[in-house]
Amino acid sequence: MSEKDTRLESPEDKLILELLDSARPDALVREPSDSAEDLPVDKLRRDYLEVLGTLPSTQPSVVPPADLKHRVMKIATGSEDTSAAGLDAFGPSSSFGRALPTEPAPHRWWLPLAASIAFGVMIVTGWLVIRVQEQQGQIVELSAALEEARVKTATLLQSQGDALELRSRLSLVTSPGSEFCALRPTESALASGQGAKARGTVVMHPADEDWFLRVEGLAPCPEGRKYALWFVTGERVVAGPVFDVKTPQEPVEIAGGERPDGITAIMITLESDSAPTAPSTEPVLYGDERMQVL
């Protein structure tokens, strides 16, 4: 006996075939039997009949578009966008719509990658901030040290310049044959009180044109006026430098590199012109006696 014949002899199979092949609904229902042998068959009949009643009698057919195959091949080969244009005709319940997803599945791996990159950027940024702060502190320290070095350098240069000037003056004063001319207040200055306490000395080099003036005790200059030094020769009066005095305790020291020949006297006047060419007032200090050292 074949497997098919053995299967058809099963009571369940016979009952299912009988229910499916029955064309009349009233033939599906039978009167319950009192026989013990018919009780299992009646129960199965009722169960299968209930299951059969839940199934739809027909399934609506879906006719695909004529160019479906052509579009599917384009999407499969990548020659057309994977959007669902043309496939939406099957509706949301169509098997074709479910077989070809309209959107790619989202990638989940970029979230951990983005978090790792952000964490790395935060670490690098923090390290850079710390380095910048350290460099700023170093720049401040170096700037302070540079400014201090500049101040010390300027002070040293000033000291060197003062030392050179002092050495030059000392050399001028101590050179054999140097001439000294003492400047004393004139009678008009003593009467006016402008130079009553003033005293001055002019030192002149015997061979060169260098000279040096030192004056103490001159009264401060009135507003708009300054003191002027003059060299008197036998023929004319030659103008020297113009200087200002702000406090009577402040000594005035002036060094020059040029002087006329044949000097017979030296004097200081108070002038209103900033660059006078001839004396306009009586001398405040005057000296016409010259003395040589050694």
Residue 240 - would you say it is at pLDDT below 85 and in the same structural domain as residue 279 (by TED's automatic domain parsing)? no
Check the range 196-214 and report whether any residue there is in contact (Cβ under 8 Å) with a residue 60 or more places away in the chain, touching a His at 6+ places or on another chain (Cβ under 8 Å) and among the small types (Gly, Ala, Ser). no
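Matching residues to (1) small (Gly, Ala, Ser); (2) in contact with a Ser or Thr (Cβ under 6 Å, 6 or more places away or on another chain); (3) on the phi > 0 side of the Ramachandran plot:
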| position | (1), (2), (3) |
| --- | --- |
| 251 | no, no, no |
| 255 | yes, no, no |
| 274 | yes, no, no |
| 281 | no, yes, no |
Can you find, within the range 207-239, the residue that is surrounded by the most Cβ atoms within 10 Å (Cβ to Cβ) among those that are out of contact with any strand residue (DSSP E or B) (no Cβ under 7 Å at 6 or more places or on another chain) and not acidic (Asp, Glu)? 219
So residue 263, is it within 21 Å of residue 194 (Cα to Cα), out of contact with any Lys or Arg (no Cβ under 6 Å at 6 or more places or on another chain) and in contact (Cβ under 8 Å) with a residue 40 or more places away in the chain: no
Scan the range 216-223 and tell me whether some residue there is within 22 Å of residue 167 (Cα to Cα), without any contact (Cβ under 8 Å) to a residue 60 or more places away in the chain and not polar (S, T, N, Q). yes
For the range 266-294: of the residues being within 60 Å of the chain's Cα centre (by Cα) and touching a residue at least 12 places away in the same chain (Cβ under 8 Å), which is farthest from residue 173 (Cα to Cα)? 272
Residue list for the range 178-198, filter: closer than 15 Å to residue 212 by Cα and in a loop (DSSP other than H, G, I, E, B): 178
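Taking into account only those residues within the range 137-167 that are among the polar types (S, T, N, Q) and either at pLDDT 90 or above or touching a helix residue (DSSP H, G or I) at 6+ places or on another chain (Cβ under 9 Å) (or both), which is nearest to residue 212 (Cα to Cα)?
Here is the first cut: in the range 137-167, the ones among the polar types (S, T, N, Q) are 138, 143, 153, 155, 158-160.
Now narrow it down to the ones that are either at pLDDT 90 or above or touching a helix residue (DSSP H, G or I) at 6+ places or on another chain (Cβ under 9 Å) (or both): 138, 143.
Working: 138: 50, 143: 42 Å.
The residue in question is 143.
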Would you check which residues across the range 240-285 are closer than 15 Å to residue 202 by Cα, surrounded by 12 or more Cβ atoms within 10 Å (Cβ to Cβ) and small (Gly, Ala, Ser) and list them? 240, 255, 256, 265
Restricting attention to the range 257-271, the residues that are in contact with a Ser or Thr (Cβ under 7 Å, 6 or more places away or on another chain) and on the phi < 0 side of the Ramachandran plot number exactly 6
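The values are calculated or read from the model by the stated rules, or taken from the named source; none is laboratory data. Since the model is a prediction, treat every value here as computed from it, not as a measurement. FYI the Cβ positions are ideal-geometry reconstructions off the backbone, even for glycines, and counts take in every protein chain you see.
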